[in-house]
Amino acid sequence: ESLAQIAKVDGDVRAFLKVDEEGARKQAAELDKKWANSSTRGLLGGLPVGLKDNLCTEGLTTTCASQLLANYNPIYNATVVDKLAEAESVTVGKLNMDEFAMGGSTENSGFHPTYNPWDLSRVPGGSSGGSAAAVAAGEVYYALGSDTGGSIRQPAAFCGVVGLKPTYGRVSRYGLVAFASSLDQIGPLTKNVEDAAYVLQAISGHDAKDSTSAQVDVPDFLSALTGDIKGLKVAVPKEMMGEGIDAGVKERVQAAIKKLEQMGAVVEEVSLPHSDYAVAAYYLIAPAEASSNLARYDGVRYGVRKQGQNLLDMYLETRSQGFGSEVKRRIMLGTYALSSGYYDAYYLKAQKVRTLIRQDFERVFADYDVIVGPTTPTTAFKIGENINDPLTMYMNDILTIPVNLAGLPAISVPCGLAEGLPVGLQIIGKAFDEATVLRVAHAFE
Ligand code: GLN
């Protein structure tokens with residue numbers, strides 16, 4: 001079914017960078033054989049999944065949508081890929097993204113853009129745009145994405161699907177190609193909240209191969225889906241409902257909040273006073289970490305090598321030709337922010353702001369169970385509309401970035417349409433309390 005749907009719609013949507021038909025059929029045949037003599041099924045038994053192309057898959061190209069890694073074939077699987085195999089999922093292929101996950105529209109892919117299935121003249125969001133579009137178009141049952149500053153939640157909102165960013169440390173990052181290591185998290189994009197709970201269950205847990213993976217128990221996320229949110233305390237930050245948020249988005253989110261109230265939740269307005277500084281802090285910290293992480297792409301160890309007169313020239317040619325312009329912009333910003341003399345003024349200052357933002361959340365979570373607001377200030381914009389305006393593009397992440405800076409879990413769940421386009425409701429939880437986030441999202445949905 002999945003392969004048939006891909007054949008039918010992916011010529012228009014272009015969510016995939018690689019469809020592994022042969023591999024998918026082989027995995028499915030192996031499961032059929034295994035199941036012929038057993039009645040037990042894995043948690044995700046037989047479900048076709050698409051993987052964002054920054055998740056390492058053994059023997060299957062993993063390009064990060066970069067020309068520089070066009071021929072990169074990992075020799076190992078990301079931990080999440082092994083976990084999905086354990087849960088008996090079937091990998092159908094690799095999904096498009098902004099190059100190295102830098103962007104919010106999938107227009108920064110080094111190969112081709114992806115188109116929003118709701119309106120093909122619009123972006124699917126990003127950077128996990130291929131993942132969101134593939135789920136929305138019914139090409140896969142669910143997908144995995146990664147979220148550094150909103151890259152699961154924003155495309156989920158734009159494509160009308162559910163996207164969950166787990167707490168930093170909940171899911172192993174081993175085998176996720178690093179963008180900004182202190183922010184990156186892997187998570188599911190699904191058709192509904194229950195599916196998100198299943199996938200989170202399958203991919204969570206401590207992993208000795210990722211030193212930032214947390215040693216905390218994994219609860220039963222499915223049993224959290226009780227449908228009951230009576231008495232739950234919901235905070236609505238006034239900064240998330242203020243200026244800059246489209247009227248249509250605000251209206252849908254206000255209606256969603258009213259619904260939570262009708263279900264018995266206690267809703268109150270709060271303030272996250274430092275959220276104004278989140279985008280500035282993020283666009284120093286993320287590029288700084290990226291500039292360091294991407295230093296490894298030198299034409300020697302990974303991917304494509306370009307010819308040069310000598311070693312330095314080879315590095316230069318490889319990186320100049322291999323990276324796209326947004327990736328180069330980030331490397332330059334990050335290198336500058338980390339350079340001696342500027343470190344204290346930029347990087348260190350941004351880290352201090354990050355602490356203040358985390359403390360804002362801690363203060364609110366002392367009295368409330370979840371924070372809700374919109375996922376994005378607008379609905380899906382037109383292809384080409386913002387591509388030459390990086391600042392507008394960066395401001396689009398204003399509602400998702402604070403969550404990454406604080407390391408918290410958050411979900412985007414569809415809450416209706418504005419002028420025919422999906423709107424996402426964002427529900428943010430306490431660290432490692434995905435269970436409550438899922439419970440609220442499930443009750444709302
Ligand atoms: N749009 C943000 C950026 O460009 C977030 C990307 C992400 O979460 N990977 O950095």
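The values are calculated or read from the model by the stated rules, or taken from the named source; none is laboratory data. Here the structure is a predicted model, which is why all the values come from computation and not from measurement. Glycine also receives a Cβ, built like all others from the backbone with ideal geometry; neighbour counts cover every protein chain displayed. Heavy atoms of the whole protein, side chains included, go into the accessibility calculation; ligands, DNA and RNA do not. Shrake-Rupley method; radii C 1.70, N 1.55, O 1.52, S 1.80 Å.
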Can you list the HN-Hα couplings for the stretch 87-99, worked out from phi with the Karplus curve (6.51, -1.76, 1.60; θ = phi - 60°), rounded to whole Hz and with x for Gly and Pro? 7, 6, 7, 10, 7, 8, x, 10, 9, 5, 6, 5, 3
Leading residue at positive end of dipole, the stretch 107-195 (Cβ point charges), from 193, 179, 143: 179
Largest-first principal axis extents of the Cα set of the stretch 179-288 (Å): 44, 40, 24
Need the full-extension length gain, residue 389 to residue 40, defined as separation in residues times 0.36 nm minus the C-alpha distance. One decimal, nm. 120.4 nm
Kindly sort 419, 30, 107 by accessible area of their heavy atoms, largest first, with the probe set to 1.4 Å. 419, 30, 107
Quick one: if you stick a label point 7 Å off each Cα along the C-beta vector at residue 21 and residue 75, how many nm between them? 3.2 nm
Based on a Kirkwood Rh over C-alpha pairs, give the Stokes-Einstein translational diffusion coefficient of the chain at 37 °C and viscosity 0.692 mPa s in µm²/s. 151 µm²/s
Around residue 16, which amide H atoms from residues at least 5 apart in sequence, or from another chain, sit under 5 Å from its own amide H, with H modelled in the peptide plane? 96
Inter-part gap, Cα centre of the stretch 374-445 to Cα centre of the stretch 57-129, in whole angstrom, is 20 Å
Here the equivalent ellipsoid of the stretch 114-231, derived from its Cα gyration tensor, has semi-axes (largest first, whole Å) of 24, 19, 11
Please give, to one decimal in nm, the separation of the simple spin-label points placed at residue 230 and residue 311, each 7 Å out from Cα toward the Cβ. 7.1 nm
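At 222 nm, what value in deg cm²/dmol follows for the chain if DSSP H runs of at least 4 each add -39500 (n - 2.57) and the sum is divided by all its residues, to the nearest 500?
-11000 deg cm²/dmol
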Could you list which residues have their amide H under 5 Å from that of residue 93, counting only those 5 or more apart in sequence or on another chain, with H placed in the peptide plane? 20, 51
Dipole-positive endmost among 90, 415, 350 within the chain (Cβ charges, Cα centre): 350
With label points built 7 Å along Cα→Cβ from the Cα atoms of residue 344 and residue 276, find their separation and express it in nm. 2.6 nm
How large is the accessible surface per residue of the stretch 314-369, computed with a 1.4 Å probe and reported in Å² as a whole number? 57 Å²
For the stretch 249-258, in order, what is each residue's ³J(HN,Hα) by Karplus, 6.51 cos²θ - 1.76 cosθ + 1.60 with θ = phi - 60°, in whole Hz (x at glycine and Pro)? 5, 4, 4, 5, 5, 4, 5, 5, 5, 4
What does the charge dipole of the chain about its Cα centre add up to, to the nearest 20 debye, if the Cβ of each Lys and Arg holds +1 and the Cβ of each Asp and Glu holds -1? 520 debye
Run the dipole for the stretch 14-94 about the Cα centre, Lys and Arg Cβ at +1, Asp and Glu Cβ at -1, nothing else charged, and hand back the magnitude in debye, nearest 20. 160 debye
